[in-house]
Amino acid sequence: MLNLRQINKEACDMRYEAPSSIDQAVALLASASGEARVLAGGTDLLVQIKTDLVEPTLLVDIKGIAELREIGEEAGAFRIGAAVTGAELKENPRLKAVWPGVVEAANLIGSTQIQGRATMGGNLCNASPAADSVPALIAAGAKVAIVGPGGRREAPVEDIVIGPRRLSLTKGEIVASFLLPAKAPRTADAYLRFIPRTEMDIAVVGCGVCLTLDGQGTCTAARVALGAVAERPLMVAAAGAALVGSKVDGAALATLDAAARAACRPIDDKRGTKEFRVEVAGVLARRAAQIALERARKG
Amino acid sequence: MQEKVKDAPGSEFQWIGTRPVRPDGVDKVTGRAKFGADLAMPGQLVGKVLRSPHPHARIKSIDASAALALPGVKAVVTRDDFMDQPSEFIPAGEMMINYRDVVRNVMAREKVLYDGHPVAAVAATSASIARRALKLIKVDYEVLPHVIDVVEAMQPGAPLLHDDMITAGVEPAPKTPSNVAKRIEFGMGDVAAGFKQADVVIERVFTTKPVHQGYIEPHACIASVSEDGQAELWVSTQGHWIVRTHCARLLGWDVAKIRVTAAEIGGGFGGKTVVYLEPVALALARKSGRPVKMVMTREEVFRASGPTSGAHVRVKIGARKDGRIVAAEAELKYQAGAFQGSPVQPGAMCAFAPYDLENVKVVGYDVVSNRPKVAAYRAPGGPIAEFAVESVIDEVAAKTGMSGIDFRLRNAARQGTKAAYGPKFGPIGMVETLEAAKAHAHWRTPLAKNQGRGVASGFWFNIGGETSVSLSLNEDGTLSLTAGTPDIGGLRASLCMMAAEELRVPLDKIRVQIGDTGQLGYNFLTGGSRSTFSSGMATVEAARDVIKQACKRAAQLWELPEDAVEYKDGAVRPAGPNAGKHAPMSLKDVAGIAGKTGGPIVGYARLNAHGAAPSFATHIADVEVDPETGRAWVVRYTAIQDAGRAIHPSYVEGQYQGGAAQGIGWALNEEYVYGDDGRLQNPGFLDYRVPVASDLPMIDTVIVEVPNPRHPYGVRGVGETPICPPMAAVANAVADATGIRFTELPLSPPRVLKALGEARGNGQAKI
Ligand SMILES: Cc1cc2nc3c(=O)[nH]c(=O)nc-3n(C[C@H](O)[C@H](O)[C@H](O)COP(=O)(O)OP(=O)(O)OC[C@H]3O[C@@H](n4cnc5c(N)ncnc54)[C@H](O)[C@@H]3O)c2cc1C
């Protein structure tokens, strides 16, 4: 139970800052005494504040930091600012052509209106096991650049979320950007999610697949990631391995299906039962692999 | 602005059956229309409700002193601010209410009975202060064991919600209390003898989940009470006279002290026929001396406003080889929520109503459990019973080798059929809807892979009731029409059209409004699909009253007897032997002489509308099922229904489509999910899954017209019947696609996938 003094304090104390550089943002976050939060699109955070799930005393709005709003291409690799929205990804024809799975995943989020606000950084840092863009980014082999009081570091996307609402970031650290690596030839990605409706829903299972073929159509590399089947998004090495060395044929897809299912450790909740999630994880892995395969064959 | 598209060229009518733009349309699309939360008053406070976190607990004490001490808090109300009420059942629309329970639902007294039950409310100068004040109210609870499920609630030893609940309708009366409020039974013929003649008997047990009306606009109101006790209330409601009655009763005020204005309403579907915030806002306004505005959050809407019952239903039907049903039996157990009063009675009456049967028996139970008290939801009780019956009909039909449509035609109720619930039907359109279905291209179109087709029929009674309307002839010959039933689905357009039809004036010469409770005599609420029927009947009567007065005034001027004057083609003229003696007088001319011939001309009708007639429907659904994920979705849908007469066909079609959409949601995904702790886990549209637009195909409609002889234009109500057939239509389609008969709603992917797996195991799955 909160006492009166605490509550009165909270009433007047929610501070809003909109710095124009990463360093200022980091300094604000690092020196905050109460609960401080980065505010990106706010499509998660504002909902959480309104429903009393979180009561931050400091909001640091990062949308005014130019560097975080850019998409850049460097020698075939893409750097995507953490505050870039799903809609902005979709409007970038190059990115859409090179990483269709990632762009599609970000644009499954919510609705047109939500996609205009929702950022990639927010989707990752909200630390939901069901975030749509995260398995797609993991499958694509994306890395994040993190800036904090101790400087800049890099980490694979799969290392950021450690549990529901829990991140491996330390106090004052923010995600600055995502780096999608330069792609090998005949490499393509795909992302599928299962929802009971057609939109405005949260993934009951999500699956990202990225695979590479050689000139003969044999799979030489594959990464498979699953969402909403564990306490955090999972990179499933065994599922990727199931495809490597195969022509991504029926037998390989069956092995992939089994490996995906084996990796799941879901819960029963309002969105689906354990057994349902496990079974559908296998189905989506197969279906996403087939889409990625088609795309890889085309180039 | 007027768009006039004649449906039937050469029709006897000028306006009826056309599709003009609705009079409230421009305000709605431009944002001028004021809904419940759009009204603001100087000095208004924000009212918020503290709700129980427990599904069942005794309230040992409530201490609001810290909240009252918070700067900005102007008033707090609790159970102590509402007088207790005696136990007494009174009819309220399609449901019964008991003020002893209403007062406890508005503000918990001895116990909280569901997660979200109101315990206290505050009025403060801002929303954030009000929210903080709620956290400062100390409620000491003694948590009690709870029960959520209807079958568990009926077990001996289940946690008791009400210590004094003795099941009514059982002889001899039980000696011990239980959660079963009431048992009902009715029927006719001899069911046992009937089943002996049957060649095919199917018996199934079904379960359905409580579902919410899902109106887009949450409950909202603003109340103001002056120092001398004159109260004003603006509210989103289906019936402002009813709100006035309930508030006066709960607060102990004179009815005349309270004036209620109905705001534009963003959906109700039955859920806005009861009071939640209104008496609380008035109590806070009186205590604080300031206007108080209260708006529920979506979470509050789900946790504490009425869904309809979840149920457990057993149906048994027997038929001869020739397709004639010889016996039908049903047992319905309906959840009422925390207080008695589920719609089990209408459910029982609807169950077999579409059929002409000799031997029927229906037994129903009204059962309380720790959930929000149910409220009316579109054809309350009907869809649940009809889902079960129409599913079994589908199976029996298949066993007799007949199509679903032919089997229903063989057994359909017609004019003169005695319904199992009592009356003999007048002219009805059940057969016509089936024939229209059979003739529809949809019925013959081939299905694709993994698809199935289902058909189901539906029925709803429709009601009339107390209604007042006034129609004033203005000084320039235009007219002002005031009705008292809130306009939920295009009522103002339909009333205008009926008045214009009577008066033969252009539609835009009539302006229509929904009056407040001070402007008209009593009006029962918009519910029971009554508003176009009842207010339409009153509008026609008021228009004829205007005509009569106009004729009288002209006769006076022309010095002719009244019956020597007639009203034709929008003008008063001398009739019979006097024809042509004077130039005809338009309504404008008559308005010009109104002053000197006796004063204003105002037509008025106050009546209790009798002769409401039932509406029958037949729906066809095509559903596709993903064999690997269990996801089922509707790929084609046709809703066919008897409207009696469609005054404005677009709004009739809108009702058919809306009912179908809600029924599809009920069938496929909507359900309340409770945790073991008895708390609702999905109080929001994210996880309480109503269909979104992209989930549905265009819903095709066919309006059948078998006029109701008891209405001047043949109107039947149309709003509720369309939600009765969809669940069975969808489930029958899924059965056709998969080979599996689903008896448990919703047909959500996990349930379908699990059943597919089991059916594949024993070789019964078609996909
Ligand atoms: C109607 C609706 C539908 C939705 N549908 C989906 C859906 O289909 N799929 C889905 O995955 N999500 C969905 N969401 C959730 C949400 O939109 C996404 O997670 C979105 O990507 C969050 O981004 P944001 O910019 O709005 O984050 P914010 O709400 O601004 O932030 C979210 C969290 O991340 C932190 N944060 C943000 N940026 C950074 C950063 N750069 N560094 C460190 N921390 C940061 C914030 O402090 C906060 O804790 C939906 C939300 C709504 C309201």
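The values are calculated or read from the model by the stated rules, or taken from the named source; none is laboratory data. Only a predicted model underlies this, so the values are computations on that prediction, with no experimental measurement involved. Cβ sites come from the backbone with ideal geometry, for glycine too, and all protein chains shown count toward neighbours. Just so you know, the surface numbers come from the protein's heavy atoms only, side chains and all, with ligands and any DNA or RNA stripped out. Shrake-Rupley method; radii C 1.70, N 1.55, O 1.52, S 1.80 Å.
Return a yes/no flag: does the range A:91-103 have any residue that is open to solvent by less than 30 Å² (accessible area, probe 1.4 Å), near the ligand (Cβ under 10 Å from one of its atoms) and not in a loop (DSSP other than H, G, I, E, B).
Taking the range A:91-103 first, the residues open to solvent by less than 30 Å² (accessible area, probe 1.4 Å) are A:95, A:98-103.
Within this subset, residues satisfying the condition of being near the ligand (Cβ under 10 Å from one of its atoms) are none.
No - not one qualifying residue is present in the range A:91-103.
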Given the conditions (1) within 10 Å of the ligand (Cβ to nearest atom); (2) modelled with pLDDT under 95; (3) open to solvent by less than 60 Å² (accessible area, probe 1.4 Å); (4) within 14 Å of another protein chain (Cβ to nearest Cβ), which single one is not true for residue A:7? (1)
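Looking only at the range B:596-644, filter to residues that are part of a loop (DSSP other than H, G, I, E, B) and within 20 Å of the chain's Cα centre (by Cα); which one of those is farthest from the other protein chains (Cβ to nearest Cβ)?
Filtering first and then ranking leaves B:610.
Mind listing just one residue for me: the one in the range B:650-703 that is of a type in the set (Ser, Thr, Tyr) and closer than 25 Å to residue A:194 by Cβ and, of those, farthest from the ligand (Cβ to nearest atom)? Explain how you work it out, then say what you get.
Looking only at the range B:650-703, we keep the residues that are of a type in the set (Ser, Thr, Tyr), and these are B:650-651, B:656, B:672, B:674, B:688, B:694, B:701.
Narrowing further to those that are closer than 25 Å to residue A:194 by Cβ: B:672, B:674, B:688, B:694.
Working: B:672: 20, B:674: 23, B:688: 13, B:694: 13 Å.
Here the residue is B:674.
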Pairs only if they're at least six apart or on different chains, beta carbon under 8 angstrom, first in the range A:155-177 and open to solvent by less than 50 Å² (accessible area, probe 1.4 Å), second part of a strand (DSSP E or B) and near the ligand (Cβ under 7 Å from one of its atoms); list them, first residue then second. A:160/A:175; A:169/A:175; A:174/A:38
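Would you mind stating whether residue B:654 is surrounded by fewer than 24 Cβ atoms within 10 Å (Cβ to Cβ), of a type in the set (Gly, Ala, Ser) and under 30 Å from residue B:146 (Cβ atoms)? Quick ask: steps written out before the conclusion?
On the way: surrounded by fewer than 24 Cβ atoms within 10 Å (Cβ to Cβ): yes; of a type in the set (Gly, Ala, Ser): yes; under 30 Å from residue B:146 (Cβ atoms): no.
When the stated conditions are applied, residue B:654 does not pass them.
Between B:604, B:567, which is among the aromatic types (Phe, Trp, Tyr) and open to solvent by 70 Å² or more (accessible area, probe 1.4 Å)?
Numbers: B:567 fails: open to solvent by 70 Å² or more (accessible area, probe 1.4 Å).
It is B:604.
Sort out for me the strands (runs of 3 or more DSSP E) sitting completely within the range A:34-82 that have 3 or more residues that are within 6 Å of the ligand (Cβ to nearest atom). If you could, list the steps in order and put the result at the bottom.
Details: elements: A:36-39, A:58-61, A:71-74, A:77-81.
Result: A:36-39.
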Only one of (1) assigned by TED's automatic domain parsing to the domain that holds residue A:78; (2) open to solvent by less than 60 Å² (accessible area, probe 1.4 Å); (3) more than 13 Å from the ligand (Cβ to nearest atom) fails for residue A:213. Which number is that? (1)
So the check is Cβ under 6 Å with 6+ separation or different chains; which pairs have a first residue in the range A:42-61 that's modelled with pLDDT of 95 or more and a second one that's in a strand (DSSP E or B) and among the hydroxyl-bearing types (Ser, Thr, Tyr)? A:59/A:16
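Tell me which helices (runs of 4 or more DSSP H) are completely within the range B:405-524 and hold 3 or more residues being open to solvent by less than 10 Å² (accessible area, probe 1.4 Å), or say none if there are none. Don't jump to the end; show me each part of the working.
Working: elements: B:430-439, B:441-444, B:491-503.
Counting at least 3 such residues, we get B:430-439, B:491-503.
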Where a residue in the range B:683-694 is touching a residue at least 60 places away in the same chain (Cβ under 8 Å) and more than 7 Å from every other protein chain (Cβ to nearest Cβ) and its partner, wherever it lies, is open to solvent by 30 Å² or more (accessible area, probe 1.4 Å) and of a type outside the set (A, V, I, L, M), with Cβ under 6 Å and at least six apart: B:683/B:299; B:684/B:298
Within the range B:41-85, work out how many residues are touching a Ser or Thr at 6+ places or on another chain (Cβ under 8 Å), assigned to a strand (DSSP E or B) and closer than 30 Å to residue B:163 by Cα. 1
Hits in the range A:106-136 - residues which are near the ligand (Cβ under 7 Å from one of its atoms), of a type outside the set (S, T, N, Q), in a loop (DSSP other than H, G, I, E, B) and at pLDDT 95 or above: A:108, A:109, A:117, A:118, A:130, A:131, A:132
Give the residues of the range A:246-298 that are surrounded by 20 or more Cβ atoms within 10 Å (Cβ to Cβ), farther than 30 Å from residue B:678 by Cβ and modelled with pLDDT under 95, sorted by residue number. none
If the Cβ limit is 7 Å and pairs must be 6+ apart or interchain, which residue in the range B:501-521 that is farther than 13 Å from residue B:24 by Cβ pairs with which residue that is open to solvent by 60 Å² or more (accessible area, probe 1.4 Å)? B:502/B:544; B:504/B:569; B:507/B:2; B:508/B:2; B:516/B:259; B:517/B:259; B:518/B:259; B:521/B:606
Given the residues A:170, A:198, A:112, which is the only one that is more than 14 Å from chain B (Cβ to nearest Cβ) and of a type in the set (Ser, Thr, Tyr)? A:170
Just need a number here: residues in the range A:231-279 that are in contact (Cβ under 8 Å) with a residue 60 or more places away in the chain, more than 22 Å from residue B:749 (Cβ to Cβ) and touching a helix residue (DSSP H, G or I) at 6+ places or on another chain (Cβ under 6 Å). 1
Residues satisfying the stated conditions in the range B:180-203, i.e. open to solvent by less than 60 Å² (accessible area, probe 1.4 Å) and part of a loop (DSSP other than H, G, I, E, B): B:198
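For the range A:211-224, check the following and say yes or no: at least one residue is more than 14 Å from chain B (Cβ to nearest Cβ), in a loop (DSSP other than H, G, I, E, B), more than 14 Å from the chain's Cα centre (by Cα) and in contact (Cβ under 8 Å) with a residue 40 or more places away in the chain.
At the first step, the residues of the range A:211-224 found to be more than 14 Å from chain B (Cβ to nearest Cβ) are A:211-224.
Applying the additional criterion that residues be in a loop (DSSP other than H, G, I, E, B) yields A:214-218.
Checking which are more than 14 Å from the chain's Cα centre (by Cα) leaves us with A:214-218.
Keeping just the survivors that are in contact (Cβ under 8 Å) with a residue 40 or more places away in the chain gives A:217.
Looking through the range A:211-224, at least one residue is more than 14 Å from chain B (Cβ to nearest Cβ), in a loop (DSSP other than H, G, I, E, B), more than 14 Å from the chain's Cα centre (by Cα) and in contact (Cβ under 8 Å) with a residue 40 or more places away in the chain.
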Quick one: would you say residue B:751 is open to solvent by 10 Å² or more (accessible area, probe 1.4 Å) and either within 12 Å of chain A (Cβ to nearest Cβ) or under 30 Å from residue B:117 (Cβ atoms) (or both)? yes
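Answer yes or no as to whether residue B:593 is within 30 Å of residue B:636 (Cα to Cα), at pLDDT 95 or above and either among the hydrophobic types (A, V, I, L, M, F, W, C) or part of a strand (DSSP E or B) (or both).
Details: within 30 Å of residue B:636 (Cα to Cα): no; at pLDDT 95 or above: yes; either among the hydrophobic types (A, V, I, L, M, F, W, C) or part of a strand (DSSP E or B) (or both): yes.
So residue B:593 does not fit the description; no.
Conditions (1) within 13 Å of the ligand (Cβ to nearest atom); (2) at negative phi; (3) at pLDDT 95 or above, marked per residue:
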{"residue": "A:164", "(1), (2), (3)": "yes, yes, no"}
{"residue": "A:170", "(1), (2), (3)": "yes, yes, yes"}
{"residue": "A:204", "(1), (2), (3)": "yes, yes, yes"}
{"residue": "A:208", "(1), (2), (3)": "yes, yes, yes"}
{"residue": "A:237", "(1), (2), (3)": "no, yes, yes"}
Please verify whether the range B:660-672 includes one or more residues that are charged (D, E, K, R), more than 9 Å from every other protein chain (Cβ to nearest Cβ), within 30 Å of residue B:405 (Cβ to Cβ) and outside any loop (DSSP other than H, G, I, E, B). no
Identify the residue in the range A:258-282 that is within 21 Å of the chain's Cα centre (by Cα) and among the hydrophobic types (A, V, I, L, M, F, W, C) and, among all such residues, is nearest to the other protein chains (Cβ to nearest Cβ). A:280
